[in-house]
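Every number in this text was worked out from the coordinates using simple rules, so none of it is lab data. Keep in mind it's a predicted model, so treat the numbers as computed, not measured. Quick reminder, even Gly has a Cβ in these numbers, built from the backbone with ideal geometry, and neighbours come from all protein chains shown.
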Amino acid sequence: MELSPVAMRAFAGLLKDRTGQELAASRHWRIETALKPLLRDRELPSFDSLAAGLADRRDIKLADAVVEALLNHETFFFREQAAFNMLMAGPVEALAAARGGTRRLRIWCAGCSTGQEAYSIAMAFADAGDRWRAWTVEIIGTDVSASIVGRAVEGCYSQFEIQRGLPVRQMMRWFTPDGDDWRANADLRRMVRFERHNLLDPAPFPGTADIILCRNVLLYFAAEERTRVFDGLAATIAGDGCLMLGAGETVLGNTTRFEPDAAQRGFYRPVA
Amino acid sequence: MKTCLVVDDSKVIRKVARHILETLEFNVAEAGDGREALAYCQDTPPDVVLLDWNMPVMSGMEFLRALGTSGMSPRPKIVFCTTENGVGHIRAAIEAGADEYVMKPFDRETLESKLQIVGLA
């Protein structure tokens, strides 16, 4: 089944309008793989007929379904483990030293997909024993996809998902078998809050975030939208806060609102 | 280069695991049961053992116990890799000294992440 340039433009335009994300033409295969199940569900014969359905606008849920299918939800527990360890030992401890008065930390996982990153942070704090007992650590996970946020709230993972990156002892401590899946225990789920949020919109909470993780998300945005997202993150992060990007991402050439942390690779500081 | 001993009575599983491990730049050795694996470990201690549960001659758990009483030092890391996915099996493996646990089926990313957890990838 061929993906025509017309259909490609329709899907790319829709995704960019709704989320700011770009569909690179070089990723045709990914688009076809993502949308074929939707064609089957809707009994549509081709990508062109799906594009025509979008233009027709009679099926108001069709556009939502296309956007949901096109988003990349790849994530796993403790992704880039070394960077994760560095986050806890470096920026988190430094901010804790600066927040000794209030004993409050707010961490925002921006573009959290199905929640593994936010739950990983919650486990890292909870497994540190008494270290954080007197602290209020608020962990907020957001994603543009409503169905994916729903999955994150459920905290229910397939056998395949649960063992990607998650040490077995933490799996046994924080998750319980639920049929063929594993579900986050209630005490872990209580540590994290999830909301639907578009990164091009203002942050979904009042005040600032001490640490923002926005990993492997901005690579899908066009340059202009990426700069807008950085502007939004800069408006939300505390003056002494810390931004963490994915391993292959940088602020350089994308924004002047953040600068690399000289001491810690992969972490960025807001520019005053 | 680190060495992984793949212990499984299924040739197919050994072949799949070998392929993944070689892409992760491991030297790979194979054993078809626990007794063969124990002999290999005593002769050429690997860095990590990828261990099936149910095998003829000597099971994965019997191998793990025998390794524990052998006094081998340093002991290789043990990653169970099995279709036994129940909580009871996982708990028993941890209590017997397994370092990690992979539930079959698995893919490259899963195995890589487990090897990272035990400090070997």
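Counted by neighbouring Cβ atoms within 10 Å, the residues B:Glu22, B:Glu30, A:Glu117 run from fewest to most as B:Glu22, B:Glu30, A:Glu117.
Arranged from fewest to most other beta-carbon atoms within 10 Å of their beta carbon, B:Phe63, A:Phe258, A:Phe125 become A:Phe125, A:Phe258, B:Phe63. Once you place label points 7 Å from the Cα toward the Cβ at A:Arg42 and A:Ala262, how far apart are they in nm? Using points 7 Å along Cα→Cβ, the separation is 5.4 nm. Checked against a 31 Å cut-off, the cross-linked pairs B:Lys2/B:Lys104; A:Lys36/B:Lys104; A:Lys61/B:Lys104 give Cα-Cα distances beyond that limit for A:Lys61/B:Lys104. One equal scatterer on each Cα of the protein assembly as shown, no solvent, Debye formula: the resulting log10 I(q)/I(0) at q = 0.09, 0.10, 0.13 Å⁻¹ is -0.64, -0.78, -1.14. When the Gaussian network model of chain A links Cα atoms closer than 10 Å, the mean-square fluctuations of A:Arg189, A:Arg133, A:Arg27 top out at A:Arg27.
Using just its DSSP H runs of length 4 or more, each adding -39500 (n - 2.57), the protein assembly as shown gives a mean residue ellipticity at 222 nm of -12000 deg cm²/dmol after division by all residues.
Shielding by partners for peptide B:100-106, expressed as the average number of C-beta atoms from other protein chains within 10 Å of each residue's C-beta, is 4.
The charge dipole of chain A, taken about its Cα centre with unit charges on the Cβ of Lys, Arg, Asp and Glu (plus for the first two, minus for the last two), comes to roughly 480 debye. Dipole of the protein assembly as shown computed with +1 at Lys/Arg Cβ and -1 at Asp/Glu Cβ about the Cα centre; of B:Val49, B:Gly86, A:Ala203, farthest Cα towards the positive end is A:Ala203. Going from the fewest other Cβ atoms within 10 Å to the most, the residues B:Cys81, A:Cys156, A:Cys109 appear in the order A:Cys156, B:Cys81, A:Cys109.
Applying a 4.7 Å cutoff between beta carbons, the unpaired cysteines of chain A are A:Cys156, A:Cys214, A:Cys242.
Here A:Arg193 and B:Thr69 are evaluated by their C-beta separation; at R0 = 35 Å the FRET efficiency comes out at 0.10.
Dipole magnitude for the range A:105-171: computed about the Cα centre from +1 point charges on Lys and Arg Cβ and -1 point charges on Asp and Glu Cβ, it is near 140 debye. For the range B:3-100, the convex hull drawn through the C-alpha positions has a volume of 88 cubic angstrom per residue.
Think of chain A as a dipole: +1 on every Lys or Arg Cβ, -1 on every Asp or Glu Cβ, centred on the Cα centre; then among A:Val67, A:Phe78, A:Ser46, A:Phe78 lies furthest on the positive end. Comparing mean-square fluctuations of A:Val168, A:Val229, A:Val67 from a GNM of chain A with C-alpha springs under 10 Å, the top value falls on A:Val168. The label point for A:Ala222 and the one for A:Thr102, both projected 7 Å from the Cα toward the Cβ, are 3.7 nm apart.
Taking the longest Cα principal axis of chain A as reference, the axis of helix A:47-56 is set at about 80 degrees.
The C-alpha atoms of chain A define a longest principal axis, and helix A:116-126 lies at about 10 degrees to it.
Applying 1/(1 + (r/R0)^6) with r as the Cβ-Cβ distance of A:Asp180 and A:Ala94 and R0 = 35 angstrom yields a FRET efficiency of 0.25. Across peptide B:112-120, the average count of Cβ atoms from other chains found within 10 Å of a residue's Cβ is 4. Its Cα centre serving as origin, the range A:5-70 has a Cβ charge dipole (Lys and Arg +1, Asp and Glu -1) of approximately 100 debye.
Comparing A:Gly150, A:Gly100, A:Gly165 in a Gaussian network model of chain A (Cα springs below 10 Å), the most mobile by mean-square fluctuation is A:Gly100.
Once both labels are positioned 7 Å from their Cα atoms along Cα-to-Cβ, the gap between B:Glu95 and A:Asp17 label points is 6.0 nm. Centroid-to-centroid, using Cα positions, the range A:215-272 and the range B:1-20 are 41 Å apart.
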